[in-house]
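What follows draws every value from the coordinates through simple rules; no lab data is involved. Note that the coordinates shown come from a computational prediction; the quantities given were computed from them, not determined experimentally. Glycine also receives a Cβ, built like all others from the backbone with ideal geometry; neighbour counts cover every protein chain displayed.
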Amino acid sequence: MVKTLGLLLLLLHSNCFAQVSNPENFISDISKIFTASMYHIFKNQALINQKGGDKSSLFGDKFIEDIKQTYRQKHHQSFPEKSSRLQTLLLKTMVEVMEESRTLINDEALGFKGLIPAIFAFQVSEKLSRKGIGIKIKFTNMIGSVRNPLNLPDAWEIKAMNKFKNSKLVSLFDDTSLMNNIPSYRYFLPMKLDKFCLNCHGKPSDNPLNRDKDISEYTHIDMTGFPMENWTLASFAGGMSITIYKKDFMELEELCKSNYISSFTCHFFSLE
Amino acid sequence: MQKQLYLFIYLSFFFTGVTLAETIKVGIVDFPPHINFIKNIEEDKAYRYVDRVLKGIYAEVEFIRYAREDGIAEIEKGSIDLLFPLTLTNQTLRHLTKPLFRMVPGLCFKKENFIPILSAAHRLKGLSIGVLPGTPVLPIVKDAGANFIVLANNDSLAKGIEMLIAEQYVAFYHPNPMEVYHDKNPLSKVLACSKFLGYPSGVYIAVKENMDEKAYQSIERAFSRALEINSYEQYFWKRNE
């Protein structure tokens with residue numbers, strides 16, 4: 001019994017050490033999973049909004065598998081094989097958001113359900129922040145270009161966005177910043193507009209509600225109820241801002257090293 | 001997952017050396033779909049979650065049903081140890097630090113009037129919205145220029161929904177619309193609800209004021225760990241358990 005327990009703890013312990021990563025790569029992986037999930041939600045708009053039919057692929061393990069598949073297609077690389085606790089938790093949170101929306105998704109009387117990529121992402125971010133694991137993900141843009149006031153940028157984000165406007169940076173990682181006066185890792189990834197984004201953020205001619213209509217009858221209100229921004233594929237569309245308090249990142253990393261209870265805690269999600 | 005919850009609770013207490021004490025009295029109030037007095041509450045997930053966590057510390061957990069106000073009166077008297085699920089907007093009851101779960105306010109509509117994304121607040125301008133007196137309405141809804149119809153003092157949420165169906169107004173402001181809009185509620189055939197995402201509020205487990213500090217700390221620690229590892233929300237939304 002003692003030997004078995006010892007072996008179990010040793011296994012958990014060694015697994016944890018294998019997961020140690022550098023913060024920039026770690027955050028970058030998180031952002032890639034997030035963007036893949038949003039793209040996946042977009043690809044499934046027809047299924048989400050159809051009245052009736054089999055929607056089981058939008059839930060549970062199948063949903064996770066499909067996100068991984070989308071990740072491979074979108075980023076042209078394999079899904080991180082040894083997912084960290086946080087990555088696992090992120091995928092589980094996505095499943096929870098879909099589960100919470102099950103009644104809506106399966107509502108046979110409603111067409112447009114409003115479960116668009118931005119709303120999905122907002123719910124996942126909110127849920128993650130509620131779990132108290134120290135990661136904050138936000139989609140933001142310049143003041144005046146943000147639809148939801150809860151996504152207004154802070155000073156660091158405004159500075160980061162200005163850098164992107166004046167350079168060809170791909171992403172920005174900052175390990176010297178503070179958030180709420182707490183030392184943090186911060187990361188900003190500009191959103192590259194896909195054609196599907198223009199359905200809502202583009203010109204009235206991109207709006208599916210205007211399909212087959214005369215120009216004189218075009219509405220500039222998109223299907224979600226917001227005025228369209230007239231963006232093109234070249235427009236700056238803000239981006240994804242990810243923050244992890246250093247202490248929380250350290251804690252995530254050290255959880256496994258520190259003691260056996262934490263090892264168990266650390267791996268609980270992976271065991272499910 | 002059930003087995004893992006048990007396993008976690010067992011291991012947590014095994015390693016921390018907490019011993020089982022006597023009986024704890026837990027008041028429980030109606031809070032559908034989490035606690036539904038119309039059905040067998042022992043099958044409700046909130047009941048099962050709280051029961052399992054407490055059974056890690058107490059030899060016996062005694063649940064007593066109350067109407068919300070009666071439950072609050074009992075916990076204030078100290079005749080029960082805990083009371084849940086409870087929103088604490090107007091109360092200053094002692095409670096566990098972490099909420100058991102959070103709820104997000106929203107609007108319910110008849111399906112033909114459904115507005116799916118409420119951050120498009122301009123769509124609420126001039127909309128007639130029923131609201132119960134005393135319900136804290138989010139500033140973004142107030143600022144949107146909606147036309148509020150305040151119900152009578154003795155009206156309930158159920159009455160508010162009835163009036164929505166009778167088209168006394170276009171939308172009904174619900175502090176937790178997911179109580180109404182879920183698979184098991186037949187009204188979901190007629191209504192649909194959406195949420196004000198980003199405005200959650202906590203639903204707590206209240207604790208009697210004079211509970212001794214050692215007992216409080218052991219309950220606090222047990223729930224804190226359980227929520228961190230396998231949150232109630234995660235447990236609730238997981239199907240077929």
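General remarks:
- 18 Å cut-off, amide nitrogen to a point 7 angstrom out along A:K195 Cα→Cβ, residues in the range A:223-250: A:231-235
- Inter-label distance for A:K163 and B:K214, nm, one decimal - labels placed 7 Å from Cα along Cα-to-Cβ: 5.4 nm
- Taking label positions 7 Å along the Cα-Cβ direction at both A:D214 and A:D154, the computed distance is 5.2 nm, reported to one decimal.
- Sparsely packed loop sites in the range B:140-223 (the trypsin sites (Lys or Arg not before Pro) outside DSSP H, G, I, E and B with at most 15 other Cβ atoms within 10 Å) comprise B:K184.
- The fewest-to-most ranking of A:L115, A:L150, A:L209 by surrounding Cβ atoms within 10 Å reads A:L209, A:L150, A:L115.
- FRET efficiency for B:K159 and B:T97, using Cβ-Cβ distance with R0 set to 35 Å, rounded to 0.05: 0.50
- The range A:195-226 and the range A:42-67: distance between their alpha carbon centers, rounded to Å: 24 Å
- Annotation: the residues A:D194, B:D143, sorted from fewest to most other C-beta atoms within 10 Å of their own C-beta, follow the order B:D143, A:D194.
- Phi-based couplings in Hz for the range A:236-248 (Karplus 6.51, -1.76, 1.60; Gly and Pro marked x): 7, 10, x, x, 9, 10, 10, 10, 10, 4, 4, 5, 6
- The range B:89-216: relative contact order as a whole-number percent, Cα under 8 Å and 6+ apart: 44 percent
- The range B:146-238: GluC sites (Glu not before Pro) in DSSP coil with no more than 15 other Cβ atoms inside 10 Å: B:E167, B:E209
- Nonlocal amide H pairs with A:A237, under 5 Å, H built at 1.01 Å: A:M191
- Computed from the C-beta positions of A:M142 and A:N180 and an R0 of 22 Å, the FRET efficiency is 0.50 to the nearest 0.05.
- Net charge contributed by nearby residues that have their C-beta within less than 14 Å of B:L124 (K/R +1, D/E -1): +3
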